[in-house]
Amino acid sequence: EPEVTQTPSHQVTQMGQEVILRCVPISNHLYFYWYRQILGQKVEFLVSFYNNEISEKSEIFDDQFSVERPDGSNFTLKIRSTKLEDSAMYFCASSVSGQGPRPQHFGDGTRLSIL
Amino acid sequence: AQSVAQPEDQVNVAEGNPLTVKCTYSVSGNPYLFWYVQYPNRGLQFLLKYITGDNLVKGSYGFEAEFNKSQTSFHLKKPSALVSDSALYFCAVREGGYNKLIFGAGTRLAVHP
């Protein structure tokens with residue numbers, strides 16, 4: 001069964017540095033998402049992306065964050081000037097359609113640790 | 001505002017017994033409801049969904065869920081629990097017109113031999 005793949009599985013970065021988290025969505029999916037889960041807290045929506053533009057974003061997704069689909073297969077989340085509170089598990093997801101009942105399929109996540 | 005509540009942090013069940021993991025939701029429009037399971041060091045794995053129609057939906061690994069509109073609930077059930085069902089379970093809702101999933105806090109299911 002096709003899977004969403006995320007790299008790296010664990011990223012350690014110094015505070016203030018930029019980090020790029022990478023995802024390869026399922027190949028025939030058109031909608032892409034990033035979520036994060038701070039340790040001990042809920043899974044939170046960050047952003048959704050369709051047709052090379054952001055379709056929806058949360059209050060968390062401020063100017064520090066950006067997303068990009070640099071080619072036909074990758075989907076990236078860039079975090080500029082990282083802060084300690086950015087430490088979390090970041091999940092990428094994809095779906096065939098953006099609304100309605102089609103489920104989102106998740107990768108195994110990237111654990112981001114900011115020192 | 002959309003929200004999901006999972007009132008139990010942990011559910012303990014003996015192997016072979018039925019299990020229920022509770023979920024209630026709040027949306028202003030029509031809900032699409034989902035259950036996901038997370039095993040250690042893995043992502044969220046889709047189990048089942050409710051769209052419309054039959055209030056009892058069946059999913060992967062023998063799980064099912066019952067939608068109750070009047071109680072705004074979507075409880076996850078399984079007639080006979082397995083030790084391998086032990087994991088973290090998340091209920092999620094998507095409101096029509098929105099892309100995002102809103103997740104509950106998760107319930108840890110522990111099935112004892």
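The values are calculated or read from the model by the stated rules, or taken from the named source; none is laboratory data. Just so it is clear, the structure is predicted and the values come from calculations on it, not from any experiment. Reconstructed Cβ throughout: ideal geometry from the backbone, glycine too, with neighbour counts over all protein chains shown. These accessible areas exclude ligands, DNA and RNA; they are computed on the full protein's heavy atoms, side chains included. Shrake-Rupley method; radii C 1.70, N 1.55, O 1.52, S 1.80 Å.
Values as computed for the structure displayed
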{"item": "A:SER87 over 13 Å from the mean Cα position of the chain (by Cα) and surrounded by 18 or more Cβ atoms within 10 Å (Cβ to Cβ)", "result": "yes"}
{"item": "Any hit, the stretch A:36-48, residues being open to solvent by 40 Å² or more (accessible area, probe 1.4 Å) and of a type in the set (Ser, Thr, Tyr)", "result": "no"}
{"item": "Tally, over the stretch A:17-31, of residues that are at pLDDT below 95, of a type in the set (A, V, I, L, M, F, W, C) and crowded, with 20+ Cβ neighbours inside 10 Å", "result": "0"}
{"item": "Per-region count, the stretch B:94-113, residues in contact with an Asp or Glu (Cβ under 7 Å, 6 or more places away or on another chain), more than 7 Å from chain A (Cβ to nearest Cβ) and either free of Cβ contacts under 8 Å to residues at least 24 places away in the same chain or buried (at least 20 other Cβ atoms within 10 Å of the Cβ) (or both)", "result": "3"}
{"item": "Qualifying positions in the stretch B:53-93 - hydroxyl-bearing (Ser, Thr, Tyr) and open to solvent by 10 Å² or more (accessible area, probe 1.4 Å)", "result": "B:SER60, B:TYR61, B:SER70, B:THR72, B:SER80, B:SER84, B:SER86"}
{"item": "Residue among A:THR76, A:THR7 that alone is under 14 Å from the mean Cα position of the chain (by Cα) and open to solvent by 70 Å² or more (accessible area, probe 1.4 Å)", "result": "A:THR7"}
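Table: residues versus (1) hydroxyl-bearing (Ser, Thr, Tyr); (2) outside any strand (DSSP E or B); (3) under 27 Å from A:ALA88 (Cβ atoms).
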{"position": "B:PHE34", "(1), (2), (3)": "no, no, yes"}
{"position": "B:PHE46", "(1), (2), (3)": "no, no, yes"}
{"position": "B:SER84", "(1), (2), (3)": "yes, yes, no"}
{"position": "B:CYS91", "(1), (2), (3)": "no, no, yes"}
{"position": "B:LYS100", "(1), (2), (3)": "no, yes, yes"}
